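Working notes, structure below.
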Amino acid sequence: MNPTVRSASQAAASVLNGAKSHGPKSAEGKATSSLNAIRFGFTAAHLLLPGEDPAAYETFLDSWFSALVPTTMPEATSVAQLADTAWKLERLSRVENGRMLARLEEEVEKTDEGKTLALTRRAMEMVGALAMTVEAIPSPPKDFDRTSAFLSGVEQVVRELREVPGLPMAVVEPLAFALDAAQDNGETEQLNAASYENLGNMAKVVKGALAVKLAEEAAALGPVRERLAAEVLLLEDADLKKLERHRRTLETTMERQLGIFHQLRAEMANTTTENMSETQALRVKLRLVK
């Protein structure tokens, strides 16, 4: 047998023998090893990570078997390994894209437009919580302490609204006036029911105005993102560097696996005939995702 063929056979045997390795002995070691494998999943023994669809993986694996048509168990093992590596590369691309988008948003948040949107969103959340509270609890607080705490919370909402850039005071004042009236009526132990309800209604009005403002500001961030996108690609990012190292490792692995497969195919070329039904039988025998 020539050296090339022998190398391919030995590589295939190594693949099969590798499944017999025992790994860590202690329970602690096994747990640590398992977590390390799942952490990124790019070299994981647990190929499918939480949230990944086994049916999608099966379809992906089938496509590799259909394309390369292995007719022996060593070839089928090689094709399965190629598919596994390709699956990990696709996962890596999704992670890289997600990290790039997150990095872009980090830069957008530093802009004046991003800071304004953040203030608008925070104000909308606060006024929305006020409106929801009054709607969910239709009766005002029953004692002075709770009444005082409630009105203090409304005061904080009004202060936050006045700090939102570009928000007309005409939007804020109805809630501020409702607060003044509630405070005048809340000097006794119980807040006036009509004043309490009016606070909730004015909060809904302000929330509607903030929703319009938020939508306009979100749309205005489109050009900002486009301007920053190219700059983000040039930023230093430790996570992206780590992901790039994983990519190089996986690409090298796939290149080596392709070489093994082609050597095995050359070795068997004179003794086997490609047969789709045989390929499918090997596919079923080799791997079923559980």
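We did not get these values from a lab; they are worked out from the coordinates using the rules stated. The shown structure was predicted, so the numbers you read here are calculated from the model rather than taken from an experiment. Please note: Cβ atoms are built from the backbone with ideal geometry, for glycine as well, and neighbour counts cover all protein chains shown.
More than 19 angstrom separation, counting every C-alpha pair in the range 152-241; what % is that? Kindly include the intermediate steps, with their values, before the conclusion.
Values: 2230 of 4005 pairs.
Summing the P(r) tail past 19 Å for the range 152-241 gives 56 percent.
Ranked from highest to lowest mean number of other Cβ atoms within 10 Å per residue, what is the order of the peptides 158-164, 197-203?
Values: 158-164: 16.4, 197-203: 20.4.
Packing proxy ranking, top to bottom: 197-203, 158-164.
Using 0.36 nm per residue, how much length does the chain from Ser152 to Asp112 gain when fully extended, once their Cα-Cα distance is taken away? Walk me through the numbers on the way to the answer.
Numbers: separation 40, 0.36 × 40 = 14.40 nm, distance 2.97 nm.
Stretched fully, the Ser152-Asp112 segment lengthens by 11.4 nm.
Mind running the shape call on the range 46-86? Use the C-alpha gyration tensor, a ≥ b ≥ c as the square roots of the eigenvalues: rounded below 1.5 for a/c, prolate if a/b tops b/c, oblate otherwise.
Values: a/c = 2.97, a/b = 1.90, b/c = 1.56.
It comes out prolate by the Cα gyration axes.
Hey, which aspartates and glutamates would be in cross-link range of Lys241, C-alpha to C-alpha under 20 Å, not counting anything within fewer than 8 residues on its own chain?
Partners found: Glu90, Glu96, Glu105, Glu106, Glu107, Glu231, Glu251.
Glu226 to Arg247: FRET efficiency via 1/(1 + (r/R0)^6), r the Cβ-Cβ distance, R0 22 Å, to the nearest 0.05? Each step should come with its number before you reach the end.
Details: r = 26 Å, r/R0 = 1.18.
It comes to 0.25.
Nothing charged except the Cβ atoms of Lys and Arg (+1) and of Asp and Glu (-1): what's the magnitude of the dipole of the range 165-252 about its Cα centre? Round to the nearest 20 debye. Let's see the in-between values first.
Values: 10 positive and 15 negative charges, 145 e Å.
About 700 debye.
Evaluate Rg over Rh across the range 95-194, taking Cα atoms for both radii and Kirkwood's formula for Rh. It would help to have the intermediate numbers written out before the result.
Values: Rg = 18.1 Å, Rh = 15.7 Å.
Answer for the range 95-194: 1.15.
So how do 224-230, 122-128, 79-85 stack up, highest first, on mean other-Cβ count within 10 Å?
Numbers: 224-230: 14.0, 122-128: 19.4, 79-85: 21.3.
In decreasing order of mean packing, 224-230, 122-128, 79-85 become 79-85, 122-128, 224-230.
Once you have the Cα-Cα distance between Ser63 and Phe177, take 0.36 nm times their residue separation minus that, and quote the gain in nm to one decimal. Don't jump to the answer; show the numbers that get you there.
Numbers: separation 114, 0.36 × 114 = 41.04 nm, distance 6.69 nm.
Computed gain between Ser63 and Phe177 is 34.3 nm.
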